[in-house]
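Enquirer: Encoded as structure tokens, here's the structure I'll be asking about.
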Amino acid sequence: MNTRKLITQALLLIPVFLLLVLQSCKHNDLEIEKENENFRLATDFIKNNYDMTLFYAAVEKVGLTDKLKENGPFTLLVPNDAAFRELGINRPSDFSKINQDSLKSLVERHILTRRLLFSDMPHNGVDVRYATLAGTEVYASMAGYAPGGEAFAVNDLYFNGSPVTRKDVPLANGTLHMLNKVMKYTPVMTIQAWLAARPKYSIFVAGLKKFGFWDQLATAGPFTVFAPENEGLKAEGITEASIAEMDVQKYRGTRLFGSYILPKTHFFLSDFEVFKVNNSQEFLARKIDNDTWFSFVSITKNFFTKVITGGVNLRTAPSYPNEVYGSAGADVPALSDHLFDNGVLHEVKGVLLRPEQALKN
Amino acid sequence: MPQLRLQNILFCAAVLLLFASGCSKVDYAKIDDPAYLRVFNNLNYVVGLENKDEEVPFLTMLIDPEMDQSGMPVKAGIKGDFLDQREPYAPPYPSHVGSSISYKNPEYPGKENVLVGPVLNGFDLSSWAQIPSGKHRIVFMFRPVNNVPFFNLESRLKQKVLIDTTIMLDSKEVYTLHILQKNFLTKKNGIYLRKENFHKLSLSDSLVYVNFYNMSAKGFQESSNELKEANRKSGSLRYGIKDNMNIFQSLFTSEKTMLSPVYSSTYKFMGQLTRNSEVLEVSKYYSFPLFADPKSNGIYTNIWQRFDLMSIGMNPANNPYEPFLMNTDGNWAPINCMLDGKSALQGNDNGAQLPNMIINIHSGIHNPRSFATVNTIEIVNGNVYLTTIQRKYAPPIY
């Protein structure tokens, strides 16, 4: 009995010994990295960030560095360097080639005059407008989650169709969202004027004029236009000369050229992603005005880079059984989502329909 | 001895408590001459690709608002904020108050902490808010989907008026107010104020009553089905029903199947349902016995209800459509009032789902005991809603 008691007592001592042994270990001072409480001002932050060198160069060029040191608050929508490179701007000196007023307006359009955190956005909000330093507005859209799918929230953010790759970076005088695409907006210009000034769309313009779709592009709209460039049209045998020879009565112009225009809509490519998440709408099949066919728009989002590319084709009916014609892709992010006062334009490669397919029987 | 000391301590504590609590006068909120109002937001569309520029149907109701010079509301007598699209079931008691953690309110008063109606002629009106009777200006505003109270929003977000109108509420009357889409093609919205009469009728408590409304927008059923994708879906009702339909009622006792019908009540013709989103009149109440099932014991019954809406000239006994068919060209739409309204019939059934109309609850010594209710089934575009009103029943005895 006595031995048993002894053993029990000894067992009780084990934790005490262990404690003593552990105590004797060497204790280095544990250093916990302190969170940075002194957030930097907007100017300093973008100056010190290696992926924002081109945006900083632009800010410096147009003389906004001091402005962005003020109290603000500001929200900076900063396109990364890759986004500028896609536009052909590779080094800071390239900004000298741009009209300085346009450049200033471009930079100012990427700065909101408020602190806009992701949590400030209305849930699943689409086309929520916020004022910019340039006096214009940006459209912000959120791909939140499908009804009832709170647990699987996507919570992606888009400004004028440009995906946000990193949101809510705190600044001393505001916040910053990183974009992978430059927001393109041409103030006080219609889609018609923009197309007319670009020779690479001369065949498309000629077609629109021939079949009577041209004049509407100067009106308030809005329109979503998928503009095919000359190269692709020529490859399918459509040239200015061939359009001039066409007899308007013999062709279905609505299919041949009207199908590139979605009237009364203004779709950024990102909108299709937003509604895919919010409503599980995978695509848009929109009936062409005065025709029985449909323009069919769908997009893909790269899971890793968040880059959105898309395209349009023609369908005889929205779903199977139907026939699918042509394909025009907006594959270069830098060339899509041009915002105008009367709509959105996407530059596409490819043709929806060859003239012989649009012949009336 | 220690007992005495304990008593002393307790006594002192009690005296202290009396002093500490003191006296105060409580002012109870009271509305003289109230009318009773319940508001539903029936705008059941979803903003999608086809209607991207339409406003999200998330509303604020302002009664007797004060506007500033620019027409922006700055104050209101009564505010019903965060008014979301209504839920398929409007229960007879304000269940949202205790059981929801969302800021969204599926009806007014719903979660609002306001004075509610009394038990009127036996009917529990606790889902109706008291509103001073008389003439009121009522404004519904679109608001963004977030939890910022309406008057704290930025001014640019307080300007989108959905409806601005006046309503007349009579003293001690019961009203339901619906925000509706009136025209599917023009997307015109409006309101529909119905003066209910269930509390004035001599309704038996051994019969279950139900009336029907089709408050769908003009042109909904006739429009192409591709245009209806943005609307909430509910069985074969999703594409709408024709303007004139016959209602047939059936009762079943088997759970989630139609294997054991109550034979006396199968495909029983009830009456006609006409689309109406303008004329403000109460539809006729149809009834069926609470204990229609001869096998029930008179205390509890497990019957559930099925209503077949069929276009004029058709009969469910000779139904040309397969029971799994969602697209019936608006000719046939069954509605199942079964269980909690979330579980469908076994197999592919095209019925819309609603909860059972009969309330089964512990009352007196019986658990459960079945109670008859007064119900309203409302069809709005592609969806269907059930409002149940109950009588007061005896509390449970454990």
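None of the figures in this text is laboratory data; all of them are computed from the coordinates on show. Quantities reported herein were computed from a predicted structural model and do not represent experimental measurements. Here Cβ is always computed from backbone atoms with ideal geometry, including for glycine, and neighbour counts include all displayed protein chains.
Enquirer: For residue B:182, go through the lysines and keep the ones whose alpha-carbon is under 21 Å away, minus same-chain ones fewer than eight residues off.
Expert: Once the sequence-local lysines are set aside, what remains near residue B:182 is B:52, B:160, B:195, B:218, B:228, B:233, B:242.
Enquirer: What spacing in nm lies between the two simple spin-label points modelled at residue A:9 and residue B:161, each 7 Å away from Cα in the Cβ direction?
Expert: Rounded to a tenth, the inter-label distance reads 9.2 nm.
Enquirer: Follow-up. Could you calculate the FRET efficiency of residue B:318 with residue B:224 from 1/(1 + (r/R0)^6), where r is the beta carbon distance between them and R0 is 30 Å, rounded to 0.05?
Expert: Working from the Cβ atoms, E equals 0.55.
Enquirer: So, one more: If you wrap chain A's Cα atoms in a convex hull and average its projection over all directions, what's the area in nm²?
Expert: Convex hull of Cα atoms, orientation-averaged projection: 29.8 nm².
Enquirer: Oh, and also: If I take R0 = 51 Å and measure r between the Cβ atoms of residue A:317 and residue A:26 in this structure, what FRET efficiency does the formula 1/(1 + (r/R0)^6) give, to the nearest 0.05?
Expert: FRET efficiency, residue A:317 to residue A:26: 0.10.
Enquirer: Here's another thing I want to ask about it. Over the residues of the stretch B:30-200, compute the C-alpha Rg and express it relative to 2.2 N^0.38 Å.
Expert: Values: Rg = 15.9 Å, N = 171, 2.2 N^0.38 = 15.5 Å.
That works out to 1.03 for the stretch B:30-200.
Enquirer: Then there's this: Using 0.36 nm per residue, how much length does the chain from residue A:60 to residue A:18 gain when fully extended, once their Cα-Cα distance is taken away?
Expert: That works out to 8.8 nm of additional length.
Enquirer: Right, another one. Given labels modelled 7 Å from the Cα in the Cβ direction, how far is it in nm from residue B:170 to residue A:331?
Expert: 7.2
Enquirer: Under a cut-off of 26 Å between alpha-carbon atoms, report the lysines in cross-link reach of residue A:26, not counting same-chain residues fewer than 8 places apart.
Expert: Qualifying lysines at Cα under 26 Å: A:34.
Enquirer: Using the Karplus curve 6.51 cos²θ - 1.76 cosθ + 1.60 with θ = phi - 60°, what ³J(HN,Hα) values do you get for each residue of the stretch A:82-91, in whole Hz, with x for Gly and Pro?
Expert: Working through the residues one at a time gives 4, 5, 5, 4, 4, 7, x, 9, 9, 9 Hz.
Enquirer: Collect residues whose amide H, placed 1.01 Å from N in the peptide plane, falls under 5 Å from the amide H of residue B:211; neighbours closer than 5 in sequence don't count.
Expert: B:286, B:375, B:376, B:377
Enquirer: Taking the Cα centre of the stretch B:30-200 as origin, sum charge times position over the Cβ atoms of Lys and Arg (+1) and Asp and Glu (-1), and report the length of that vector in debye to the nearest 20.
Expert: On the way: 21 positive and 20 negative charges, 38 e Å.
Computed charge dipole of the stretch B:30-200: roughly 180 debye.
Enquirer: Further, regarding this structure: Charges only on Cβ, +1 for Lys and Arg, -1 for Asp and Glu: so what's the dipole of the stretch B:204-398 about the Cα centre, in debye to the nearest 20?
Expert: Magnitude of the dipole: close to 420 debye.
Enquirer: Rank-order A:267-280, B:384-397 by packing density, defined as the average count of other C-beta atoms within 10 Å over each peptide's residues, highest first.
Expert: Going by the mean number of other Cβ atoms within 10 Å, highest first, we get A:267-280, B:384-397.
Enquirer: One-quarter of the Cα convex hull surface for the protein assembly as shown, in nm²?
Expert: 55.0
Enquirer: Using C-alpha positions alone, give me the convex hull volume of the stretch B:204-398 per residue in cubic angstrom.
Expert: 125
Enquirer: May I ask you to derive the FRET efficiency for residue B:339 and residue B:153 from their Cβ-Cβ distance with R0 = 41 Å, giving the value to the nearest 0.05?
Expert: 0.55
Enquirer: How big is the dipole moment of chain A about its Cα centre under a simple scheme where the beta carbon of each Lys and Arg is +1, that of each Asp and Glu is -1, and everything else is neutral? Debye, nearest 20, please.
Expert: 360
Enquirer: Quick check: Cα centre of the stretch B:152-170 to Cα centre of the stretch B:70-108, how many Å?
Expert: 15
Enquirer: How many angstrom lie between the C-alpha centres of the stretch A:26-74 and the stretch B:245-279?
Expert: About 69 Å separates the Cα centre of the stretch A:26-74 from the one of the stretch B:245-279.
Enquirer: Moving to a separate point now. Using helices alone, I'd like the mean residue ellipticity at 222 nm for chain B: each DSSP H run of four-plus residues gives -39500 (n - 2.57), total over residue count, nearest 500.
Expert: Working: 2 runs with 24 residues, N = 398.
About -2000 deg cm²/dmol.
Enquirer: Over what distance in Å are the Cα centres of the stretch A:225-279 and the stretch A:292-361 separated?
Expert: 8
Enquirer: Given the options B:224, B:246, B:165, identify the residue whose Cα lies farthest towards the positive end of the charge dipole of the stretch B:158-291 (+1 on Cβ of Lys, Arg; -1 on Cβ of Asp, Glu).
Expert: Farthest along the dipole direction, towards plus: B:224.
Enquirer: Give me the distance in nm between label points sitting 7 Å out from Cα along the Cα-to-Cβ direction at residue B:257 and residue B:100, one decimal.
Expert: With each label point 7 Å from Cα toward Cβ, the separation is 3.7 nm.
Enquirer: Starting from the amide H of residue A:229, placed 1.01 Å from N in the peptide plane, find each other amide H under 5 Å away whose residue is 5 or more places distant or on another chain.
Expert: Placed amide hydrogens put A:348, A:350 under 5 Å from residue A:229.
Enquirer: Would you please classify the overall shape of the stretch A:33-139 from the alpha carbon gyration tensor, given that a ≥ b ≥ c denote the square roots of the eigenvalues, rounded means a/c under 1.5, and beyond that prolate means a/b larger than b/c while oblate covers the rest? Could the numbers behind the result be given before it?
Expert: On the way: a/c = 1.63, a/b = 1.20, b/c = 1.36.
It comes out oblate by the Cα gyration axes.
Enquirer: Next question. Would you be so kind as to identify which of A:213, A:154, A:307 lies farthest towards the positive end of the dipole of chain A, taking Lys and Arg as +1 and Asp and Glu as -1 on Cβ and the Cα centre as origin?
Expert: Most positive-ward Cα: A:154.
Enquirer: At a Cα cut-off below 16 Å, give the aspartates and glutamates reachable from residue A:287, other chains included and same-chain residues fewer than 8 away excluded.
Expert: A:323, B:50, B:226, B:229
Enquirer: Shifting gears a bit: Quick query: amide H of residue B:175 versus all other amide H atoms, modeled in the peptide plane; which residues come in under 5 Å with a sequence gap of 5 or more or a different chain?
Expert: B:36, B:37, B:38, B:196
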